[in-house]
Every structure is written in structure tokens, then in C-alpha cells.
Amino acid sequence: MQQAEFPGCAQRMGDNPGARENEAKELREDALQRLRDFVNGLGGVPDARIDLGIKGNAASGLERNWTFAEAQRSLMLQKQYLEFCVGGGEEDTEMMADHVFRPLPETEDAFLVELNQRNVGPSDYASALLVEHSLNRQQILAIAPIAWVMEQMWLNRSNPDNCIADGACNERCNCLWLGAGGSGKTYAYSKVLRPLFRRFFGQDGYVAGAPTHAAVRLLGPEAKTLHKWANVHKSSSLDRRSLRSAKSKGSPIEKKIEGIMAMLLDELSMVPSDVYHAASLRFATVRQARLMLDMGDYLKQWFGKVPIGVQVADFLQLRPTAQASLCEWVDAPRATDPAPPQEQEDQSDAEEAVEKEAAERTSNASELGRIAFKQSLQRVVHFTGSGRFSKCASGQQLVRILLSMRRGEHLEDALWEALESRVISREQLFSDNSLRSRLLSAHWGGLAWEQVARLQHLRVAWEAQQRSTTLFLVQAIDRASGPTDLTREQSLKALQVVNMTRTQYLMGICPLYEGMAARVSCILDMPMLSRELPVIVRSIKLHPKEPVISNSSGRVVLRYQPLAVLVEIDDPEYRAIELPDGSAPKGHVWLRPVTCDQAWDLPLGGNQFMQVHRKQLPLAPRHVLTHYGLQGITARQGLLAFMSKPSWMSQADYGLAMYVMLSRPTKLEDLWIVDLPPRNVFEKFLHEHNPLLVQRMREFEGQACVDERKALKYVHRLSWQCIPWVSQHLSADEMSADLFA
């Protein structure tokens, strides 16, 4: 099916693409009014009836030269090619005998190419990388224990003729890298650890994961979500009995898990504890036979005794949805835990409320995940850098505001005034052309889909008008999963559902224009094309039945869904992709409309719902996101932050969300605010509403001080103190080998 049953619904919404259903009432009326003021300040929704003077369809990126059969063949070939590139598929010589699939060249910088030609071990390899990329003291101390363990594995390797470090080592290295956003944790991994793992463990010798696709994408094409490593999905039962009864599939993922020697987990604050436990149990089960593991102790044997583990976190950022954090475990004694307070009466009412709420929301599987995480804390490194933020006065102002939030301190009057000055008014938007121009190059973020959905369409409409190009609107095809078809009113209601997590990450009306910055919005059945992959729309393959489109249209509601959309992948890791049939330029792929695997619930009023399957292009505007989409992103062009608190959000989560939004831009002058909350939100608010998180962070930071001295021993074992770049980060006492004898 290529056409919606009621295509006129899109036309009706097309007159006001920001129109959305307000039944949820996520935002107060005054917050919605500020959103309207912002829209009106920009000049309202662009008038689509204006003649843009477009010379022809080619200028708008439209093509009609594909038949349905040709589209199917090219997309099938593309899928086979991508499967071949990741080693998960084989060439179908019978169907595609006229094509030869070639391995995808690895993207490496010149320094890595030269370094890989040297015959050196992990110690020298890591030291060369940390000097090349100017790692700071904390990053050096974080890398040193890992490099030492890898050096021993390399010296004991089974085959001296290659560099794979598969030998035995008397110790394992499990690290928690802790620090605020922008402190250099991911930088240390991407610049040093990842090349180190790839060189000495090979592509199949390590895994990387994170709770969200946006975070996964920053770790490299080989990374996967923790749900994927755990082999679970939304409807999975995560209790131990169900997990243990799941049969081994002997899949390529399980074969990789069996032999890995290193693992990295990023954005740990957002990891659901029950999924963490499921992944831990799966890894232990798969690795049990080879390593003769005692499954009774799997919670103490982190992810099946993986020799090297790195967990990256800032627990003062977002929690998993509707769950307590991994570090919010029920207190139980542990060797490295600080002594508990003697007087329980000192516990505040707020802390009791938090623990009660966590107890009500948690499950046995979740608590097992927290126990597994607690048992894994062998070494802690506290990153305190601020590399993301500009060194200018405005950048340092933002750093000081964030520190006040993290420490629960009073915010200086000058800093509060500077923050207040970032609030934009309707009058500023209306009169300041340069401000409007800057806003259209920045990220936009909000806390509620009711806001974000409107902003997505507004942003794309203004971008298209500025470029004098046609905006195309593609209506989703919604089908009831039961025998009853959707009525016209129900179809319109489905298009108005704002929450993309509810609609399986497919938009009701997908806006497109040539040159649009977009992202892959959902999971596809093609390898490498992961959710959140950044792309640029280059052309649209129209359905053969699509009516003639006027050359001068400002906006067009397509009557049929396109056969496919050509996109350029906006990531250097993918620039070597080249489809074998020549249907797309190098670094480009085709995306076709997809149908969500699971039905979603369409509210019909009251407590009535109808299950619906949606078919739509898997694309969404790249730069308009919720706070969950923003975490992990550096907004180098600035951030327009809509700070209105949704009705469903707790005070505890609101404090964390405010911290995440404020820490995205690199300086205060690149932050524009709509609906600034009261001053106390930027002072003690985060501490008052998240006492257990704050307590845990203090415990971790205390352990990091102890572990720093241990890390210095590894620096001396590796003789890194003799390297000038390293020595300048050490004190005179730390340079002395006698101190660590």
C-alpha cells in the first residue's frame, strides 16, 4: 500500500503543520502561550502559497525515472551489500551475478595508518596515541591500568607472529569513568581505547554499547544498544527464569560475546537496571562453557569475566524512563563502601520519599542489575575537565553555572543575571534578523513531545523557505490491526499523536526538502543504517502515480508515499559506502517507507484504544529533539532550550533535565531560553530532589581519590613517567619510583 486511505488528512494538517492534539495537556497554558509567542516572533508559520520561482522539478530533488520493480531490486541489492560490508551476509551469486561486492575500506586518519605499521605493543601504542591527542592527567590515569593489562596479554599471546593480545593475564581491569558531560570520557575512548582495542583485540575482540541509539552512534559503527547485546526488546520478560530459559541461537552476536576481551558501556545513567542484568546474565551464559564459570556467582563475575571493562557515566544526568538509576541500589555492605551513618534519624523526608518511590517502581530484575553494577566497581576515575566548553568568558560562565548545580551551591548574582539575559522575547525575534538566522542553525530542545512535535515542523518550514525550495509533506499510512478500518476522524487523530516513542518513532507527517538535515528515526532491517544516523536528503523518487507538481509550489502534500529517498550519510565513517549497481553516489543510500513491527495504541477517548500499524519514511528533522535526544550531543552551533516543565515530570527528573539542557552548548552566549525556571532550580534544586544520586556520586568521587594512587603505579610499571607529555602532568613525588615500590 503506497497511499493513505484518507490522503486529504495531510492536506488538512498541511495548512498548519504545527497543529497537534492537545488531549494530553502535558504543558500549562502559559507555557503553550510562550510557544505561540515564539512562533509569532519568528513571523508565524511560513506562507506556503508564496510563489518560490522554482525552475523545475530537478531543482527540488524530484525524480520519476524508477518503476516499482526497479526500486525493489535496488533496495534489495543495497541490503545485501550492507550485510556483506559488516560480514553478516553473503553475495547471492544466482540473483546478482553481474555485481561484485567489495569490502568496505576502513576509515583511519594518517597518524593511525603510520602507527599501525610500527611493531610495538599496547603500552607504546597507547602512549603514542595519548601524546598525539594531548590527553590530560585524568585521561592518562584512566588509560594506564588498561594498557598494562593489555601489555601482559600481548606478551603472553598465543601467536608471536601477529599482534592479537589473546594471552593470559593475572588481573582483570574493570573501571568506572565518572564525570560531567564534556569532561573528556568519550574523547579518551574514541581517540585511544577504541584504536587500541581494534589493533590488539581485532574487530571481533571487543564490544561497545549504550542505552540509546544516539549514544551508540558516537562509539563507532560496530557499537550496538545494550538491548541488542542483551537480546531483549520492549515486550521481553526480564526475570531470571525467563532469561535462563531462553535458548542459545548460536548467532554471530553470541559467537562474538563468547570470545571478547574488552567491553565499553557508555551513558550508564540512562541504562535500565533490568536490561543491564539481562545483558550481564546473557554474557555469563554464553561464556560459561569456555571459561568454566560458576553461574551461581555471575553477579560477581562482571559480564562473564570480560578481562577489561569500561563503564562511562554521569549519574547527575538523565535516568532511564520510569526507573531508578543503576547506582540507586538498596544499601548492603561491600568492602569498599564507606561506613553507614550511625543515626538513621538524620535521613531527610525527601530522601525517604525518593527511596520509597524507587522501591515501588523497581523489580527484582532491576535490583539484580544494581547489585551486578555495585559488584563491578573495581576502579573509579573521576574526570573533572571541561573540554567541551569554550575557554572564553562566556564559556567559563556556563561552566560555573553547571558547577553550582552539581555542587548544590548558591548561584552568584552576576551568573543569574547572565542566565536571565539569555531569555529571548517575541520582540527580539521580530526585530533581530541575525538572531533568527542563528536560531535556524542551532539545535532546538524541549521536554515534552507536545512542544517538540510543533517545533519540528516549524523549523523545517522556515529552513525550506530560507533556501527557496519546495517543502514536501509525506502522510503516514495508518492501518488498524483488527478487522475494523480507521474512520477519517480516527486517521486524522492518528496523525496528530505527538509522541514519536508511542508511534514506533515514525512521524505522522514527514517533512522533506532537498538538502534537509535529517536523522534515521527508527530501527531498519539494513545493517549499518542505525537509528539516529545523521543524513542529508538529496532527492526523492516519486511514486509513478504521483500527480504533476507545480514548479513554483512552496509546499506540496504528496498523494502517494515516495518509492524511496536518496540520502547522503553525514558521517565520515560511512563515506566509503558505494552501492554496486551505481544507483547512488558514493556515501549515499536509499531509504524507503517502512512498516513498524509492533502496533501502537491510538487513543480514541476515555479509556478506549485501537491498535494501529504505521507505514512511513524512517526520517525526522535532525536538530529538534527532546532532552533524551540531546543527552550526549554537543550543540556547537548553540541550543534553543524550551524549559517548560511537563505535568508528568517529577521534580527530581526536572532537575536532571535542566542540567542536561544547560550542558549542551559550549558557551552561555550560544544558549537561548524560552520559559526560564526560578533561580533555585540552578542552585540546590538538583541536590534537594536527588539526594541518593548525590550521595552515590560523593562515594564514587571518594573512591576515585584512593584509586588515583593505584593508577599512578601502572604509569610507573609502563615507564610512562619518562614520556615528557606525561611527566608534565605528574608532581615531583609522583615522578619518584620509590614512592610506588
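The values are calculated or read from the model by the stated rules, or taken from the named source; none is laboratory data. All values derive from a computational prediction rather than experimental measurement. In this analysis, Cβ positions are derived from the backbone assuming ideal geometry, glycine residues included, and neighbour counts consider all displayed protein chains. SASA here: full protein model, heavy atoms, side chains in, ligands and nucleic acids out. Shrake-Rupley method; radii C 1.70, N 1.55, O 1.52, S 1.80 Å.
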Is at least one residue of segment 325-344 on the phi > 0 side of the Ramachandran plot and either at pLDDT 75 or above or in a helix (DSSP H, G or I) (or both)?
no
Output for segment 660-681, where each listed residue is buried (at least 19 other Cβ atoms within 10 Å of the Cβ) and more than 25 Å from the chain's Cα centre (by Cα):
Asp675, Val681
Out of segment 462-489, which residues are of a type in the set (Gly, Ala, Ser) and buried (at least 22 other Cβ atoms within 10 Å of the Cβ)?
Ala464, Ala476
Residue under question is Leu579, and the condition is that it be buried (at least 16 other Cβ atoms within 10 Å of the Cβ), of a type in the set (A, V, I, L, M, F, W, C) and part of a loop (DSSP other than H, G, I, E, B); does it hold?
yes
I need a count of the residues in segment 585-605 that are open to solvent by less than 40 Å² (accessible area, probe 1.4 Å) and either out of contact with any strand residue (DSSP E or B) (no Cβ under 9 Å at 6 or more places or on another chain) or closer than 18 Å to Ala518 by Cα (or both).
8
All positions within segment 474-533 that are more than 30 Å from Ala576 (Cβ to Cβ) and acidic (Asp, Glu):
Asp478, Asp485, Glu489
Condition broken by Glu151, with the remaining ones in (1) touching a Gly at 6+ places or on another chain (Cβ under 8 Å); (2) at pLDDT below 95 satisfied:
(2)
Filter segment 505-518 for residues that are surrounded by fewer than 22 Cβ atoms within 10 Å (Cβ to Cβ) and not aromatic (Phe, Trp, Tyr); the one that is farthest from Gly629 (Cα to Cα) is Glu514
Considering segment 274-305, residues that are touching a helix residue (DSSP H, G or I) at 6+ places or on another chain (Cβ under 7 Å) and among the β-branched types (Val, Ile, Thr), and then whichever is most open to solvent (accessible area, probe 1.4 Å), we arrive at Val286
Tell me, please, whether a residue that is of a type in the set (Phe, Trp, Tyr), touching a residue at least 12 places away in the same chain (Cβ under 8 Å) and either open to solvent by less than 60 Å² (accessible area, probe 1.4 Å) or touching a His at 6+ places or on another chain (Cβ under 7 Å) (or both) can be found in segment 431-445.
yes
When you go through Gly220, Gly184 one by one, which is the residue that is in contact (Cβ under 8 Å) with a residue 60 or more places away in the chain, of a type outside the set (Asp, Glu) and closer than 30 Å to Gly702 by Cα?
Gly184
So Ala372 clears everything in (1) without any contact (Cβ under 8 Å) to a residue 12 or more places away in the chain; (2) under 27 Å from the mean Cα position of the chain (by Cα); (3) farther than 17 Å from Phe682 by Cβ except one condition, right? Which one?
(1)
Working only within segment 240-295, note down all residues that are among the hydroxyl-bearing types (Ser, Thr, Tyr) and either at pLDDT below 90 or under 14 Å from Asp204 (Cβ atoms) (or both).
Ser242, Ser245, Ser248, Ser251
Within segment 294-319, how many residues are within 18 Å of Asn170 (Cβ to Cβ) and without any contact (Cβ under 8 Å) to a residue 40 or more places away in the chain?
1
Could you check Ile401 against (1) surrounded by fewer than 20 Cβ atoms within 10 Å (Cβ to Cβ); (2) at pLDDT 95 or above and say which number it fails?
(1)
Wholly within segment 451-546, which strands (runs of 3 or more DSSP E) include no fewer than the required count, namely at least 3 residues that are over 23 Å from Lys228 (Cβ atoms), touching a residue at least 12 places away in the same chain (Cβ under 8 Å) and hydrophobic (A, V, I, L, M, F, W, C)?
471-475, 509-512, 534-541
